[in-house]
1. Say each of Lys255 and Gln154 gets a label point 7 Å from the Cα, pointing the same way as Cα to Cβ; how far apart are those two points in nm?
2. For Asp164 paired with Gln178, estimate the spin-label separation in nm (one decimal), with each label point 7 Å from Cα along the Cα-to-Cβ line.
3. Just to confirm the filter: which trypsin sites (Lys or Arg not before Pro) across the stretch 180-214 are DSSP coil and have at most 12 other Cβ within 10 angstrom of their Cβ?
4. How far is it, in nm, from the label point at Arg6 to the one at Ala267 when both lie 7 Å from their Cα along the line to the Cβ?
5. Could you tally the net charge around Asp261, taking each other residue with its Cβ under 11 Å from the Cβ of Asp261, Lys/Arg +1 and Asp/Glu -1?
6. Return the long-range amide H neighbours of Phe234 (sequence gap of 5 or more, or a different chain), with a cut-off of under 5 Å between placed amide H atoms.
7. What net charge is computed for the residues neighbouring Leu271, neighbours being all others with C-beta under 13 Å from the C-beta of Leu271, Lys and Arg scored +1, Asp and Glu -1?
8. Would you mind calculating the gained length between Asp102 and Glu89 on full extension (0.36 nm times residue separation, minus the Cα-Cα distance), in nm to one decimal?
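Read the figures in this text as sums done on the coordinates, not as results from a lab. Since the model is a prediction, treat every value here as computed from it, not as a measurement. All Cβ positions, glycine included, derive from the backbone under ideal geometry; neighbour counts span all protein chains shown.
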Amino acid sequence: MNSESRARVEAWLQYFNDLNISSFYLDRFSAPTAPENIPPGEPRPKPDTIFAVKTPAKDFNSLAQAAPLAAALPVVKSASLFESSNRIENDTLERIREDIGDCKRCKLCEQRTNIVFGSGSGKAELVFIGEGPGHDEDVQGLPFVGRAGKLLTQMIEAMGLRRDEVYICNVVKCRPPQNRAPEPDEVETCSPFLFRQLAVIHPKAIVCLGATAFQSLMASKLSISRLRGQWLDFRGTPMLATYHPAYLLRNPNAKGEVWDDLKKVMAHLGLKPPARR
Ligand code: SF4
């Protein structure tokens, strides 16, 4: 390996080390022959097949059992190194926050005020995942604290839960400029931290708020209107997508559909709505 390739590999390893990932899977079937053993004139392997990983078919098979439409979900690309690694032993939310540090891993760091890690109970049975922090969240360093956040709190309370009994976070932890949707490279860079949070909390159900959260977790481009309200499978955890509270602020008529979705979650968790006073 020449010095330039070595530096690139070291940079990648440092990146995954920052994410607390130290185990790598080497695909023996697609790994290239050692360059020194390749006869003269034979084609040389591409360097990026060295860390090739297998697609995690298990997750998508169980997903297909969960809902017929889910079978249409494409496997967009091969799994990332993070997805192929085993769960990190003894991981904690504190450790994940420490690993994030003063993160500059993607361009969203440039205009953020605060990293919005997530809030709520680390033992929550229910996790809500949004798209990314907005202005109020960026200022306060907390998820869902603006107008949409107030509506989310009302939705949680209507389910008979307190906000501090659930866990709330976003796909990306820094505010996208002008509240634009996070870009694919930003989602790809930040989502390993979200996946670690979900592995630590190990909830009984996940609710994706809006298309970005759903599409990021499922690696799918399907529209939320097609899969809204259906149970899917995210790595063994039942997951349901519904509309984002910000959408409900603009389209109050959709509140009924969201309430129908939340009632499915309540039934799954064995919750009854609080008695009206
Ligand atoms: S969005 Fe995530 S990856 Fe990007 S800078 Fe913020 S914490 Fe880091």
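1. 0.5
2. 4.0
3. Here the trypsin sites (Lys or Arg not before Pro) that fit, given the DSSP loop and packing criteria, are Arg180.
4. Roughly 6.2 nm, to one decimal.
5. Surrounding charge for Asp261 is +2.
6. Met239
7. Values: positive: Arg162, Lys204, Lys263, Lys264, Lys272; negative: Glu125, Glu157, Glu165.
So the environment of Leu271 carries a net charge of +2.
8. Gain on stretching Asp102 to Glu89: 2.3 nm.
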